[in-house]
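Have a look at the structure below, then the notes.
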């Protein structure tokens with residue numbers, strides 16, 4: 001096989017897509033005889049992006065720094081496509097890789113399409129089929145899917161969604177999710193937290209309930225029901241610690257602090273960096289969240305997850321039983337969480353369920369698929385198949 005080095009541009013801009021792209025970038029960099037990697041950060045999220053880059057020791061070749069205070073989605077899109085087009089025109093990569101469902105993802109794929117550059121979509125095929133939930137991510141996914149040339153589907157469900165949209169099966173591959181690769185890189189035994197309070201909380205050896213809420217469609221009053229349920233749970237279970245890294249958005253902070261402040265076993269803390277968060281997650285007993293990424297990460301640790309949404313684009317864990325959709329209704333959240341916290345058999349049923357999201361080799365599979373695309377290799381890639389937890 002002829003080894004012609006191909007230039008691969010990897011575009012990312014937020015904390016979640018950077019976490020999931022990091023294993024791909026690190027794996028590509030190992031393959032210097034095949035690939036030259038160009039890393040492009042839009043910095044759609046600034047502070048959260050920087051700390052993730054630090055964890056994985058990635059220094060972007062281009063930092064577009066497009067984040068502006070209170071920018072609209074339209075402004076974000078305009079600024080991103082103008083700056084990305086300039087870089088793609090200069091570098092002329094052989095392929096562009098984008099990840100997931102952010103505005104950076106969609107705009108990156110569109111900019112590549114305008115330059116007639118093939119696009120690989122990491123974490124392709126996630127769908128709720130409700131364009132308002134999650135917003136704007138569902139449409140970002142669909143638009144990126146219609147542009148992409150290679151689709152790295154994390155699960156069989158995602159692959160089937162793409163095939164239903166008439167995408168050729170020859171271009172869709174089940175790789176598992178790179179978020180599991182990132183977890184395996186980031187986990188540490190006897191981890192010392194950057195947030196000193198977490199060292200104190202974990203040292204107490206009490207069961208931890210971890211809460212996160214940030215979804216745009218849940219901002220404000222919709223999330224009050226979830227906060228009231230957490231308050232009731234904290235009062236019923238005083239020997240458990242409820243840890244809530246509160247999103248910086250003022251609308252979120254107002255509701256959360258108004259409902260949960262000054263409760264002895266509820267810790268309202270600042271948002272955590274990635275390593276603090278995943279290492280805390282690994283020590284948690286229960287997770288209550290509206291996050292998409294946490295729905296994938298929790299099953300790796302065998303932790304039951306209650307999802308504060310009506311629908312999810314990650315239905316696999318619901319199917320296997322490690323995730324339950326509870327919406328934002330106070331009574332439903334309290335009743336479901338209470339049952340898990342007091343009923344050991346119900347808890348174990350969720351905790352021992354199949355992890356459908358990955359085995360830590362998604363990046364390796366993806367790189368081999370790219371090699372095959374460019375006829376650098378003909379090694380057949382075995383697709384990821386979920387296995388029952390041992």
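The values are calculated or read from the model by the stated rules, or taken from the named source; none is laboratory data. Bear in mind the structure is a predicted one, so any value in this text is a computation, not a measurement. Note: ideal-geometry Cβ built from the backbone for every residue, glycine included; neighbour counts use all protein chains shown.
Hey, among 363, 351, 337, which residue is over 24 Å from residue 186 (Cβ atoms) and crowded, with 16+ Cβ neighbours inside 10 Å?
337
Pairs under 6 Å by beta carbon, first residue in the same structural domain as residue 217 (by TED's automatic domain parsing) and free of Cβ contacts under 8 Å to residues at least 60 places away in the same chain in region 237-252, partner crowded, with 19+ Cβ neighbours inside 10 Å and part of a loop (DSSP other than H, G, I, E, B), six or more apart or different chains?
245/272
Yes or no: residue 287 under 28 Å from residue 386 (Cβ atoms) and assigned by TED's automatic domain parsing to the domain that holds residue 221?
yes
What's the number of the condition residue 41 fails, among (1) without any contact (Cβ under 8 Å) to a residue 24 or more places away in the chain; (2) under 29 Å from residue 271 (Cβ atoms)?
Evaluating residue 41 over (1) without any contact (Cβ under 8 Å) to a residue 24 or more places away in the chain; (2) under 29 Å from residue 271 (Cβ atoms) leaves (1) as the failure.
Just to be sure before I move on: is residue 293 assigned to a helix (DSSP H, G or I), within 16 Å of the chain's Cα centre (by Cα) and crowded, with 19+ Cβ neighbours inside 10 Å in the structure I sent?
yes
Which of the residues that make up region 344-368 are within 16 Å of residue 152 (Cβ to Cβ) and not in a helix (DSSP H, G or I)?
356, 357, 358, 359, 360, 361
Using beta carbons and a limit of 6 Å, which pairs, at least six apart or on different chains, have the first residue in region 51-64 and more than 16 Å from residue 27 (Cα to Cα) and the second one modelled with pLDDT of 90 or more and assigned to a strand (DSSP E or B)?
Final answer for the pair search is 61/38; 61/39; 62/40; 63/41.
Could you list, in sequence order, the residues of region 310-343 that are part of a helix (DSSP H, G or I) and farther than 17 Å from residue 227 by Cα?
316, 317, 318, 319, 320, 339, 340, 341, 342
Which members of region 20-47 meet the condition of being in a helix (DSSP H, G or I) and surrounded by 19 or more Cβ atoms within 10 Å (Cβ to Cβ)?
Result: 20, 21, 22, 23, 24, 25, 27, 28.
Has region 212-227 got any residue that is in contact with a strand residue (DSSP E or B) (Cβ under 7 Å, 6 or more places away or on another chain), more than 15 Å from residue 328 (Cβ to Cβ) and either assigned by TED's automatic domain parsing to the domain that holds residue 333 or surrounded by fewer than 21 Cβ atoms within 10 Å (Cβ to Cβ) (or both)?
Within region 212-227, none of the residues are in contact with a strand residue (DSSP E or B) (Cβ under 7 Å, 6 or more places away or on another chain), more than 15 Å from residue 328 (Cβ to Cβ) and either assigned by TED's automatic domain parsing to the domain that holds residue 333 or surrounded by fewer than 21 Cβ atoms within 10 Å (Cβ to Cβ) (or both).
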